[in-house]
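Below: one structure, written as structure tokens.
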Amino acid sequence: MYKVIGSPRSRAVRIYWMLEELGQPYDIVPAAPHSPEVLALNPGGKIPVLLDGDAVLTDSVAIIQYLADKHGACTFAAGTVSRAIQDSFTQFCVDEIEGALWTAAKQNKIYDNCAPQMVEISRKEFARALGTLTKRLGDKPYVMGDAFTVPDLILGHCGSWGAMFKFPVPKDGPLYDYFRRLRERPAYLAMGKRISETLI
């Protein structure tokens with residue numbers, strides 16, 4: 001059984017969600033960043049950490065792609081053009097959308113609002129990235145078409161993160177329906193139930 005180390009209020013939720021999509025059992029260790037149990041596994045102190053037998057894996061994007069590849073779901077095969085396009089979406093999500101959110105989070109939560117103007121800059125960058133996503137998504141149900149893949153999961157998490165920071169998704173366009181579609185997936189709902197049970 002997989003063991004996911006990391007608080008449910010972190011990128012660890014990406015691992016929970018992917019494991020729910022794959023129908024794989026897992027245990028949650030709700031450890032905080034830089035806690036002794038995390039530092040023992042990741043010298044950088046960051047979460048999440050995935051334990052798969054003797055293997056210790058870090059970085060949420062690397063972990064979810066590993067799981068998708070291992071179980072042959074939520075991804076296109078490595079070495080294919082479709083996988084290259086999928087990976088380009090993943091990089092776009094991390095660089096442009098998550099990047100804006102993480103910059104804002106650091107100003108608000110980590111460095112005690114040291115540069116408030118950066119929050120507004122991040123908000124503009126987030127909105128610009130959503131504009132690009134709208135064009136790339138088009139009328140497809142998911143970024144790669146009919147198939148839910150790794151970048152959709154990252155975007156779903158970023159959408160929830162953005163709502164928490166009041167970085168809005170326009171309600172009058174296709175992105176609103178896209179993010180709602182992600183939140184309505186059975187695996188997403190199962191993940192939410194699992195998190196609620198963990199936090200009790």
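Among residues other than GLU125 with Cβ under 14 Å from its Cβ, the summed charge is 0 (Lys and Arg +1, Asp and Glu -1). The magnitude of the dipole of the stretch 2-74, with charges of +1 and -1 set on the Cβ of Lys/Arg and Asp/Glu and taken from the Cα centre, is near 240 debye. Per-residue extension of 0.36 nm, minus the Cα-Cα distance of ALA84 and HIS34, leaves a gain of 14.6 nm for this segment. Per residue, the chain reaches -16500 deg cm²/dmol at 222 nm when only DSSP H runs of four or more residues are counted, each adding -39500 (n - 2.57). Rounded to the nearest 20 debye, the dipole size of the stretch 81-185 about its Cα centre is 180 debye, using +1 on the Cβ of Lys and Arg and -1 on the Cβ of Asp and Glu.
Counting neighbouring beta carbons within 10 Å and listing from fewest to most, the residues GLU20, GLU184, GLU96 come out as GLU184, GLU96, GLU20. A full extension of the chain between ASP139 and ARG183 corresponds to an added length of 14.0 nm, given 0.36 nm per residue minus the alpha carbon distance. Report the calculated FRET efficiency for ASP95 and SER160 (r = Cβ-Cβ distance, R0 = 22 Å), to the nearest 0.05. Efficiency computed from Cβ-Cβ geometry: 0.70. The ranking of ILE85, ILE15 by Cβ neighbour count inside 10 Å, starting from the fewest, reads ILE85, ILE15. Quick check: Cα centre of the stretch 1-78 to Cα centre of the stretch 126-167, how many Å? So the separation of the two Cα centres works out to 21 Å. Rounded to the nearest 20, the size of the Cβ-charge dipole of the stretch 5-163 about its Cα centre is 480 debye, with Lys and Arg at +1 and Asp and Glu at -1. Each pair of Cα atoms in the stretch 116-200 enters the Kirkwood radius, and Stokes-Einstein at 37 °C and 0.692 mPa s then converts it into a translational diffusion coefficient of 235 µm²/s. Cβ-Cβ distance of GLN24 and GLU197, R₀ of 22 Å, FRET efficiency by 1/(1 + (r/R0)^6): the value works out to about 0.80.
The label point for ALA127 and the one for LEU41, both projected 7 Å from the Cα toward the Cβ, are 4.0 nm apart.
Ellipsoid fit via the Cα gyration tensor, the chain: semi-axes of 25, 23, 16 Å, each the root of five times an eigenvalue, largest first. Note on ASP95, ASP52, ASP152: ascending count of other Cβ atoms within 10 Å places them as ASP95, ASP52, ASP152, the fewest first.
A short reminder: the numbers here are calculations on the coordinates, not readings from a lab. Here the structure is a predicted model, which is why all the values come from computation and not from measurement. FYI the Cβ positions are ideal-geometry reconstructions off the backbone, even for glycines, and counts take in every protein chain you see.
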